[in-house]
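What follows is a short report on a single structure.
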Amino acid sequence: MSISKIHIFCISCSINCVQSFIVNIMAKVKKQKINFIVTDLDDTIWDWLTMWYESFNPYLNRISKEFNIDINELKADFKRIHQKYNSSESSFVYEDLTCLTQDQKREFRNDNPEKKSIIHEYNSLKKNNLNFCKDVLKTLKKLKEKGVMIIGFTESNAFYTKYRIKHLELDGLIDYVYAPIDYGVPSSVYKIYPEDYWEPEITEFRYLSKNTRKPAPDILEVILKDFNASKENTIYIGDKLDKDVYMANEAAVTSVYAKYGHNIDTDKYQLLRDVTHWSQEDVEREKEYKKSNAQNSIAKYELKKSFSEIMTLFDYYEFDTVVKNKNFQNILPIWEKTIEVQQHFNDIELRIRNFALTAFTFILGAIGYLELGPNKITITFFGKSIPYSAIVAIIGCVILFAFFYMDKYWYHRLLVGAVEQGSFIEKRWKKYIPEIRLTERIGNSSPHKFLWKWSIHSNHKYLIFYGLLFLVLIAIAVILIFI
């Protein structure tokens, strides 16, 4: 190669490097600024299909094998249940299976040393196979650190979504969830947990009608209006082109296709088709819908392998308009009233303890007078001479127990309830109003170290208080009776 050609080659490389550098800079400059994210949940945030398949498929096959039921007949029976309760997760309502006898249904809950019961195994598999999609958790945490508002929008019933939010410890990472209200289950279903067990503490649920189906661009519009969010600074993420992407495009919101969650050409999805809660009319309508709306189901952005890819696509900043959007004129008075209630019950408890201490002082005085006075009185009990002063000490223990009971099981429970409500309000709003952290500060400052080792909390303090009083009276009674 000649010198002139080498020069030309070097100049060309330099120009290409400069162009590449300029393109990268321009790409960064042109990044869309985002502070509001609406996301699908199933197969976008968590791997719903795998969880469903890895629990339902063994459940289906075990029922078929143990009770000698044709697998296709059983699928049809489950499909009927899923349609009845509008969810492909209502398989646990085995009492509604028509292909089984009552004796066979009773076998569903019978554990034995060799293996779990049918329903126990099904529930365990659902729990153990519920996992995040790739890099979701760390990405959500990064987004929350930047102050982005994150909204979940799902077709799944609210109950199942709450279960997953709590099980995956997403409470607070997702700010709000819009989900269809539950259909409910029959009274025959055995409930392990109380009704409110899965209620999140921070993430707030907003309920949609039972038959809500995507695409629903009108609901997406409502979500944006609820928070006064700008479409220019909003993205919608989902794993279905015909539902999620189409809906976002129809609402003029930037669409992000979670391709990693779209797995319809698999055995898992085929089984779901066989037992889905969608009716045949729904399936045909969906097919027709895909044909007629394919053009508007093209995503602006695509996540190929993981959720974390969204971090490189946009610039994120804090969604501070939420502060203006919330009615703090209502929130602050509620918090102040909660603090007043805490003070009220705390004051009552202190008065009870003051009365208990006063009663204790009078009891000691009475014991001293009876024991050291001019006329020492005794009674004989089973041949044993017992001074009246010992009886007063025993009666004093009963009186102190009455104070203790009123304190611990009456007003202390009410105080704990008020404190928990105060903590709930502060957890939800402290990000926007840092000043409302009194309950948290008191809770952090209350414990103290005993002998530089044990941490003494509020629950221990009143036990120590009453314990010392009881100890004194019991010791006096024992000494007077036996010594």
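Every number in this text was worked out from the coordinates using simple rules, so none of it is lab data. Nothing here was measured: the structure is a model prediction, and the numbers come from that model. Methodologically, a virtual Cβ is constructed for each residue, glycine included, from the backbone with ideal geometry; neighbour enumeration extends over all protein chains shown.
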Points 7 angstrom from Cα along the Cβ direction at I264 and V222: gap in nanometres? 2.6 nm
Residue by residue, what Karplus-based ³J(HN,Hα) values in Hz, rounded to whole numbers, does the range 36-49 have, using 6.51, -1.76 and 1.60 with θ = phi - 60° and x for Gly and Pro? 9, 10, 10, 9, 5, 10, 5, 6, 10, 8, 10, 7, 5, 4
Value of Rg/Rh across the range 92-142 [Cα atoms, Kirkwood radius]: 1.25
Extended-chain gain in nm, criterion 0.36 nm per residue less alpha-carbon gap, S124 and E199: 25.0 nm
How long are the semi-axes of the ellipsoid equivalent to the range 378-472, from square roots of 5 times the Cα gyration tensor eigenvalues, in whole Å, largest first? 43, 16, 7
So, by mean Cβ neighbours within 10 angstrom, what's the order for 149-156, 355-362 with the highest one leading? 149-156, 355-362
Fewest-first ranking of D171, D347, D40, using other Cβ atoms within 10 Å as the exposure measure: D347, D171, D40
Starting from the 7 Å offset along Cα-to-Cβ, what nm value, one decimal, do you get for the label separation of S445 and K31? 4.2 nm
Sites L372 and I474, calculated FRET efficiency, Cβ-Cβ separation with R0 22 Å, nearest 0.05: 0.65
Tell me which residues come under 5 Å, amide H to amide H, from Y316 once H is placed; ignore anything under 5 positions away on its chain. I34
Kirkwood-based Rg to Rh ratio, the range 50-100, C-alpha trace: 0.93
For D407, the net charge from surrounding residues (Cβ-Cβ under 14 Å; K, R +1; D, E -1) works out to +3
What ranking, highest mean first, results for peptides 419-428, 334-343 when packing means the other Cβ atoms within 10 Å averaged over each residue? 419-428, 334-343
Contour minus end-to-end for I399 and I71, with contour as 0.36 nm per residue of separation and end-to-end as the Cα-Cα distance? 111.2 nm
Would you please put 78-86, 120-128 in order of how densely packed they are, using the mean number of other Cβ atoms within 10 angstrom per residue and starting with the highest? 78-86, 120-128
Non-local residues with an amide H under 5 Å from the amide H of I386, with H modelled 1.01 Å from N and Pro and chain starts lacking one, are I379, T380, F381
Residues whose modelled amide H sits under 5 Å from the amide H of E302, counting only those 5 or more places away in sequence or on another chain, are Y257
With x for Gly and Pro, the residue-by-residue ³J(HN,Hα) of the range 134-139, computed from phi through the Karplus equation 6.51 cos²θ - 1.76 cosθ + 1.60 at θ = phi - 60° and given in whole Hz, is 4, 6, 5, 4, 5, 6
For the range 43-131, alpha-carbon Rg over 2.2 N^0.38 Å: 1.08
